[in-house]
Amino acid sequence: VSVVALRDIEEGEPIHLSYNECAYKDCAGIAHTFTMPQILAEHGFVEDYPTRFNISPKWPVFEVNEDEDGEVEITWLNGEPTIWQMGFVREEYTRLLKIEDEIDE
């Protein structure tokens, strides 16, 4: 097993190994398509941010990340969404925030 760092790592700094990132050119044909559902099914866990999703084969893959201020950002990785797809993602995000609020109560 070889591990490559994109920057110098300080002594004692934790190293995070990502299952959805790939440094090779074609990533064995799964670049941008090995997403959260596949990681959960094959490895039994969900990675922290960034998390990739592919709602269906007709959808572009998108990545959900959190910035330094804790704000959620979405990046479309292999195409632009339709207006309907963007609306769907917004509605789901709003629904999940409501569930989070209910759980926190």
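The values are calculated or read from the model by the stated rules, or taken from the named source; none is laboratory data. In this text, all values refer to a predicted model and were calculated from it rather than measured experimentally. Because the Cβ atoms are built from the backbone with ideal geometry, glycine has one as well, and the counts that use them run over all protein chains shown. Protein only, heavy atoms only, side chains kept; ligands, DNA and RNA dropped before computing areas. Shrake-Rupley method; radii C 1.70, N 1.55, O 1.52, S 1.80 Å.
List of remarks:
- Scoring Pro57 on the criteria (1) under 27 Å from Val3 (Cα atoms); (2) assigned to a loop (DSSP other than H, G, I, E, B); (3) at pLDDT below 85 leaves a single failure, condition (1).
One line per residue, one yes/no per condition, for (1) outside any helix (DSSP H, G or I); (2) modelled with pLDDT of 85 or more; (3) farther than 22 Å from Ala5 by Cβ; (4) touching a Leu at 6+ places or on another chain (Cβ under 8 Å):
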position	(1), (2), (3), (4)
Tyr19	yes, no, no, no
Ile39	no, no, no, no
Glu47	yes, no, no, no
Asp69	yes, yes, yes, no
Ile74	yes, yes, yes, no
Gly79	yes, yes, yes, no
Glu92	no, yes, yes, no
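- Within the range 71-93, if we keep just the residues that are among the acidic types (Asp, Glu) and over 16 Å from the mean Cα position of the chain (by Cα), the residue that is least open to solvent (accessible area, probe 1.4 Å) turns out to be Glu91.
- Residue count for the range 89-105 satisfying the condition of being within 17 Å of Trp59 (Cα to Cα) and among the β-branched types (Val, Ile, Thr): 1.
- Verdict on Pro60 being without any contact (Cβ under 8 Å) to a residue 60 or more places away in the chain, surrounded by 14 or more Cβ atoms within 10 Å (Cβ to Cβ), more than 29 Å from Leu17 (Cβ to Cβ) and not basic (Lys, Arg): no
- Odd one out for Glu68, checked against (1) free of Cβ contacts under 8 Å to residues at least 12 places away in the same chain; (2) open to solvent by 70 Å² or more (accessible area, probe 1.4 Å); (3) in contact with a strand residue (DSSP E or B) (Cβ under 9 Å, 6 or more places away or on another chain); (4) charged (D, E, K, R): (3)
- For the range 94-105, the criterion of being within 21 Å of Pro37 (Cβ to Cβ), open to solvent by 50 Å² or more (accessible area, probe 1.4 Å) and touching a strand residue (DSSP E or B) at 6+ places or on another chain (Cβ under 9 Å) is met by none of the residues.
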